[in-house]
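The values are calculated or read from the model by the stated rules, or taken from the named source; none is laboratory data. Small disclaimer: the values here were computed from a predicted structure and weren't measured. Using ideal geometry, Cβ is built from the backbone for each residue, glycine included, and neighbour counts are taken over all protein chains shown. For the accessible areas, the whole protein counts, side chains as well, though only heavy atoms, and no ligand, DNA or RNA atoms are used. Shrake-Rupley method; radii C 1.70, N 1.55, O 1.52, S 1.80 Å.
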Amino acid sequence: MRTWNRERGFSITPVLLSLVLVAMVVLTVIYFRDPAYHPPAPITEIGKLVDYQYDLTLYVTATVFILSQLGLAFAVFRFRDRGQRAHFTRGNNTMEVLWTSATIILFLGLGIMGRKAWADTRFTAPQTNAIQVEVTANQFVFNFRYPGPDGKFGRLDPKLISASTGNPVGVDPADPAGKDDIVVPTLTVPVDRQVELLIRSQDVIHNFFVRELRLQQDAVPGMQIPLHFTANTIGQYEIVCTQLCGLGHYRMRSFLNVVSEADYEKFLKDQAAAQ
Ligand SMILES: [Cu+2]
């Protein structure tokens, strides 16, 4: 009495499905290993920690992904309909507890291991000789303000913001501390010196992101968010806004120039003369 045989599907379906699963795993591994999709080399010590943590997370999750997908392919193939009677199961509490705890331990463990790479740029105080640069984002440009020779930023007044008259951040001319402030559209910093950024926004939420620094920080209206880094490689790197901040978001970018100490001094002198 094998009347239910007529209900059987094509045996080719589970075979094909398991093959597709295996192919998907192989393609995913090939794409992830392709250097074209890897980030450029980091230019900070913290960047190396971030990369280490990223790789570790990727290896752990890749192992789980590969094993679970291959396991699924095996189950689809092995338990395909061959006319046998299917059994109902209510699950296995021991297994449920096991894989839920394993996931918790894995994710909490990775989070705890990665805390140093994240917290070092945010929760540790900057060095006393760190160079301070104020970063002001608005739709759709970045402006960078240096305090000038007096080392003090002048007072800002939102009413004085006027990009067309050369005062994009609204420096108050009545404040003597602001007289020597330098405001430029690109960020220039000396190599191997710590820089503390003070990140602000004039309108909506923007973001300051430099791949090579492995730093990404939102610029939030009403807040001044500090972030410090020490770049160890001379070069030019792209700064991009990674928050969808409006119609001109796609062109909101600037450059980070990491230069020698002598070139940095020259930059400051040239800018001071130009302002
Ligand atoms: Cu933006």
Which of Met95, Met24, Met223 moves the most in a Gaussian network model of the chain with Cα springs under 10 Å?
Met95
Hey, if we sort Leu106, Leu156 by accessible area with the 1.4 Å probe, largest down, what's the order?
Leu106, Leu156
With angles folded into 0 to 90 degrees, how steeply does helix 45-78 sit against the dominant principal axis of the chain? Use alpha carbons for both and round to 10.
20
Between helix 12-33 and the chain, what is the angle of the helix's C-alpha long axis to the longest principal axis, kept within 0 to 90° and rounded to the nearest 10?
30
Take the residue pairs Lys159/Lys266; Lys152/Lys266; Lys48/Lys266; Lys48/Lys269 and return only those whose Cα atoms are more than 25 Å apart.
Lys159/Lys266; Lys48/Lys266; Lys48/Lys269
Suppose only helical runs count, i.e. DSSP H with n ≥ 4. What mean residue ellipticity at 222 nm does that imply for the chain under -39500 (n - 2.57) per run, divided by all residues and rounded to the nearest 500 deg cm²/dmol?
-12500 deg cm²/dmol
Let me check something: with ligands and nucleic acids excluded, how do Ile12, Ile131 order by accessible area (1.4 Å probe), largest to smallest?
Ile12, Ile131
For the chain, what is the relative contact order in percent, using Cα pairs closer than 8 Å and at least 6 residues apart in sequence?
18
In the full protein assembly as shown, how much of His249 is accessible to a 1.4 Å probe, in Å² to the nearest 10?
40
Nearby aspartates and glutamates by direct alpha-carbon distance to Lys116 (threshold 20 angstrom, same-chain neighbours under 8 apart not counted)
Glu45, Asp51, Asp55, Glu196, Glu212, Asp218
Looking only at trypsin sites (Lys or Arg not before Pro) in DSSP loops with at most 10 other Cβ atoms within 10 Å, what is the longest site-free stretch of the chain?
91-275
Taking the chain as a Gaussian network, Cα atoms linked when under 10 Å apart, which of Ala177, Ala36, Ala86 shows the biggest mean-square fluctuation?
Ala86
